[in-house]
Amino acid sequence: MAMMIQIEDVWRSYDEGRIEVLKGVGLEVRDGETLALVGSSGCGKSTLLNVVAGLEVPQRGKVKVAGQTVNDEASRRELLRHQLGFVFQLHHLITGLTLEENLLVPAVAVGLSRKEARGRVRELAAATGLERRLDRRVRELSGGERQRGALCRALMNRPRLLLADEPTGALDERNREAVFELLMGLVADRGLTLMMATHDPQLAGRCQRMVRMRDGRVEP
Ligand SMILES: Nc1ncnc2c1ncn2[C@@H]1O[C@H](COP(=O)(O)OP(=O)(O)OP(=O)(O)O)[C@@H](O)[C@H]1O
């Protein structure tokens, strides 16, 4: 069975080792699997996702995504641009730009033609009910719309892996359900691998596998 993520004995600390967050994490996620990462606040879920995404560098250990070792700037850049999409708890869109402009940013970064990029924008906007919001500035969108926009942006470069850090954590219940349904629907349609940190047991239960973090490690 092909592995999408391979994490081996990963250690990450802050403040010159005084704050130890990841203490020898090992985890494998299969291609096409949906996995929920749960555990109490501060146990290191976000840090682990950031390490997988190459946004943070571990002091020790190995991370492979789609068989490629993530160990230098070039591999991290390649990973972020082509292999994975990331949805954060807060949308992280540029609020002064329109939604469409935001979605074009990752496409421009990989040199997609304007025509192709606009085609993808329309396709994702249709899939998330945002067709009539594309010309709006992000600061004029609702919380649920922003989060749906963030999901679109994460999928613009057609990654095979989606990482999500409390993707519905900042939303009210109605929006939470709607955004989650969209996310899971897009993951299923496209056969994506999903690794998602969540505090919501209901959302976690909708993933194929649930993994608990405790004291800087993943429970067996
Ligand atoms: N840049 C940093 N400098 C110092 N400490 C940090 C830094 N980033 C994270 N930490 C600490 O690492 C620990 C784990 O943080 P992390 O955000 O990974 O936890 P989490 O499980 O995602 O928590 P939550 O569920 O509340 O989002 C926390 O105690 C946090 O304060």
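For L103, indicate whether it is within 18 Å of the chain's Cα centre (by Cα), crowded, with 17+ Cβ neighbours inside 10 Å and in contact (Cβ under 8 Å) with a residue 24 or more places away in the chain.
yes
Name the single residue that is nearest to E166 (Cα to Cα) among those in segment 106-118 being touching a residue at least 24 places away in the same chain (Cβ under 8 Å) and outside any loop (DSSP other than H, G, I, E, B).
P106
Do any strands (runs of 3 or more DSSP E) lying entirely in segment 1-98 carry at least 3 residues that are surrounded by 18 or more Cβ atoms within 10 Å (Cβ to Cβ), within 16 Å of the ligand (Cβ to nearest atom) and in contact (Cβ under 8 Å) with a residue 12 or more places away in the chain, and which ones are they?
3-14, 19-30, 34-38
Among the candidates E73, E123, E101, E116, single out the residue that is out of contact with any helix residue (DSSP H, G or I) (no Cβ under 6 Å at 6 or more places or on another chain) and at pLDDT below 90.
From the options E73, E123, E101, E116, the qualifying one is E73.
On the basis of being of a type in the set (S, T, N, Q), out of contact with any Phe, Trp or Tyr (no Cβ under 9 Å at 6 or more places or on another chain) and exposed (fewer than 15 other Cβ atoms within 10 Å of the Cβ), does Q208 make the cut?
Criteria met by Q208.
The values are calculated or read from the model by the stated rules, or taken from the named source; none is laboratory data. Note that the structure is a prediction, hence the values are computed from the model and not measured. Cβ atoms come from the backbone with ideal geometry, glycine included; neighbour counts cover every protein chain shown.
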